[in-house]
1. Out of all the residues in the range 502-512, which are in contact (Cβ under 8 Å) with a residue 12 or more places away in the chain, surrounded by fewer than 23 Cβ atoms within 10 Å (Cβ to Cβ) and either in contact with a helix residue (DSSP H, G or I) (Cβ under 6 Å, 6 or more places away or on another chain) or polar (S, T, N, Q) (or both)?
2. Does the range 473-491 include one or more residues that are among the aliphatic types (A, V, I, L, M), crowded, with 20+ Cβ neighbours inside 10 Å, modelled with pLDDT of 95 or more and farther than 24 Å from Leu544 by Cα?
3. Please specify each residue of the range 221-233 satisfying the condition of being within 25 Å of the chain's Cα centre (by Cα) and more than 11 Å from the ligand (Cβ to nearest atom).
4. Going through the range 178-201 one residue at a time, which ones are under 13 Å from Asn214 (Cβ atoms) and either in contact with a helix residue (DSSP H, G or I) (Cβ under 6 Å, 6 or more places away or on another chain) or surrounded by fewer than 18 Cβ atoms within 10 Å (Cβ to Cβ) (or both)?
5. Kindly check whether there is at least one residue in the range 569-580 that is among the charged types (D, E, K, R), touching a helix residue (DSSP H, G or I) at 6+ places or on another chain (Cβ under 9 Å) and touching a residue at least 12 places away in the same chain (Cβ under 8 Å).
6. So, in the range 234-271, of the ones that are of a type in the set (Val, Ile, Thr) and under 25 Å from the mean Cα position of the chain (by Cα), which residue ends up nearest to the ligand (Cβ to nearest atom)?
7. Six or more apart or on different chains, Cβ atoms under 6 Å: show the pairs whose first residue is in the range 310-338 and of a type in the set (D, E, K, R) and whose second is modelled with pLDDT under 95.
8. Within the range 393-407, can you find the residues that are surrounded by 20 or more Cβ atoms within 10 Å (Cβ to Cβ) and more than 9 Å from the ligand (Cβ to nearest atom)?
Amino acid sequence: METTDETIFGGSFLLAPIGSQPQFTPEDLSDDARAIGQAARDFVEGEVIPRDADIDKLDLALSKELLRKAGELGLLSLEIPEAYDGLDLDKISGLLVMEELGRQASFSVTYSAHTGIGTLPFVYFGNEAQKAKYLPKLGSGEWAAAYALTEPGAGSDAMNSKTVATLDGDAWVLNGSKMWISNAGFADVFVVFAKVDGRKFSAFIVEKTDPGFNVAAEEHKLGIKGSSTRALNFDNCRIPKDRLLGEIGKGHRIAFGILAIGRFKLGAGCNGIAKEVLKYTLKYTGERMQFNKAINSFGLIRKFLADMGIRIFVAESMNFRTIGYINDGMHAVAWDQPEAARKKLDIMDEFQMEASMMKVWDSEALGVIADDAVQCFGGYGFSAEYPPEKIYRDNRINRIFEGTNEINRLIIAGQLFKKVGNGTLALRKDIEDVPELGSGPLAKAEQAVELAKRQAHYALAACLEITGQKLIENQEAAARAADLVTEIYTMESAVVRAAKMVGTGHRWAELAKHCAEAHVNEGSGKVQNLARLLLSEVLETGVLERALADLKTFDLYVPAAGSKLRDAIAAQLIEKGGYPIEHF
Ligand SMILES: Cc1cc2nc3c(=O)[nH]c(=O)nc-3n(C[C@H](O)[C@H](O)[C@H](O)COP(=O)(O)OP(=O)(O)OC[C@H]3O[C@@H](n4cnc5c(N)ncnc54)[C@H](O)[C@@H]3O)c2cc1C
């Protein structure tokens, strides 16, 4: 793997002492990245949000028009190489743009299905002729793209697909069907996965006018009603022989490599809309009077508001940290280098664990934020006339697509167990040193993260030395292991960023510090509990009791009064009327 720092690899955060690894934060954004983020914000505020109601009526012509406008601004070609009229910007810019686009849930799916899973297979796997034919059109928005992997009988188990491709003279003949395909109602080109001769999983390019290709009617969905979702049918669909994408039998590399990239973007989109939800919830709770007081003066409403701010801060810290690592590696490989695409995707593979953590944590954080928004609005939150009802529905899909959160938890655990098994992540069960309390402004939180890492090392090592990688077969235990390391990653990302902000005298350093401390306050207890429950899945009675006693050596974190931290956070959010740590 090519990264600029060999000590940083997927999962290495578990080994490195807190603060010893460089961590990219939104405060480190370059002027160029801020400019593209601002362009995306202007587009979303000028063109997308004002047409929210029309988008949600599933106006397909409008979706296509908006894509074309985004194309004119360069927002569709961020990741397309310059040789094919793209901007070839870094991945950080892509994350910023996705956060802005996330603010309108339906169009955000349209946008990411087109620019991500729809376009990136051409970028990474297309041959010269395919790239030259499709990428300029996709980058400008002249054509819209879709990605068709899922089938009626093959969702999470995507490799079990039944769609087949057979070579007949100079054409491939496709037969089968696909399900739940975003952008299908207006896409011009589809990346379709099918098995050559019913065995070799491969990818093909299908154009909407190809004979034997049919797009079914729109699905009636719970949310993202403005995003087109349809089934596809292939009935002796004939496509030219040169529409094979990549190699026969290597379709899984395309299918899963591209989905991994989609995951961190989904996380960023979730955080973009979370900021929107916080904004309108702050407004409503400041205006709504009960018991002769604005409801934002009540401790329990202030807790909801503060928790939204904390989750946004934590997600943002984790997202930018992760993209910093991925970008360092991927953007360092120029497109004119030999095997550039493979090298770039190897970097993405390396950080699969972190990308899945972003997907799971951010989508579930938005789930709680959306639910809390409904609660803050009371009965009005249940009414379609007020904004929380829509996000409550729209957000639900984020836990289902781009790999369900169950599948993503299994990916996190699978990567973790594999890396422990092959010695890449050398866990230390015999850690005896109790981390010292430092003297910095976040010393207690930093010590808590170190304590949490020791608990994770202890519990994971104790379990894995008995089960080895077979621990993955106990899915509940595997999911607990995934949650355990995710919790640590989020805590560390928030604490390191807050410490950096305090160190540089950032205007919102105090808010950042409170958010990180409040997150650690809850997270420490969660880590302790997850470690205990994980041990209980594997160790026998007697051994288990001794292990729990060992684990207690690291249960030294003394919780702060969470209500004081949250009250201070809520006060700052209320004063600003939104999440105030702006990127630009
Ligand atoms: C609005 C929408 C848009 C979509 N867009 C696209 C698109 O553009 N292109 C595309 O190809 N697909 C798309 N999808 C499909 C989506 O990716 C799948 O729905 C998803 O992968 C889950 O597959 P499934 O629906 O068949 O559920 P299943 O795989 O049947 O899962 C059902 C339940 O079982 C669980 N489960 C399954 N396997 C396991 C396991 N091994 N261990 C534990 N639990 C498991 C799942 O987590 C889930 O809870 C879209 C779906 C929707 C709803």
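1. If the condition is that a residue be in contact (Cβ under 8 Å) with a residue 12 or more places away in the chain, surrounded by fewer than 23 Cβ atoms within 10 Å (Cβ to Cβ) and either in contact with a helix residue (DSSP H, G or I) (Cβ under 6 Å, 6 or more places away or on another chain) or polar (S, T, N, Q) (or both), then Val502, Thr504 are the ones that fit.
2. Scanning the range 473-491 turns up at least one residue that is among the aliphatic types (A, V, I, L, M), crowded, with 20+ Cβ neighbours inside 10 Å, modelled with pLDDT of 95 or more and farther than 24 Å from Leu544 by Cα.
3. Hit for the range 221-233 is Gly226, nothing else.
4. Listed by number, the list holds a single entry, Gly185.
5. So in the range 569-580, the residues among the charged types (D, E, K, R) come out as 575-576.
When the remaining residues are screened for being touching a helix residue (DSSP H, G or I) at 6+ places or on another chain (Cβ under 9 Å), the result is 576.
Pick out the ones that are also touching a residue at least 12 places away in the same chain (Cβ under 8 Å) and you get none.
No: zero hits.
6. Here is the first cut: in the range 234-271, the ones of a type in the set (Val, Ile, Thr) are 239, 248, 254, 258, 261.
Okay, now just the ones that are also under 25 Å from the mean Cα position of the chain (by Cα), so 254, 258, 261.
Values: Ile254: 12, Ile258: 10, Ile261: 14 Å.
By that ranking, first place goes to Ile258.
7. These pairs meet every condition: Asp328/Thr3; Asp328/Thr4.
8. Asp394, Asn395, Asn398
The values are calculated or read from the model by the stated rules, or taken from the named source; none is laboratory data. Since this is a predicted model, take the numbers as computed values, not measurements. In this analysis, Cβ positions are derived from the backbone assuming ideal geometry, glycine residues included, and neighbour counts consider all displayed protein chains.
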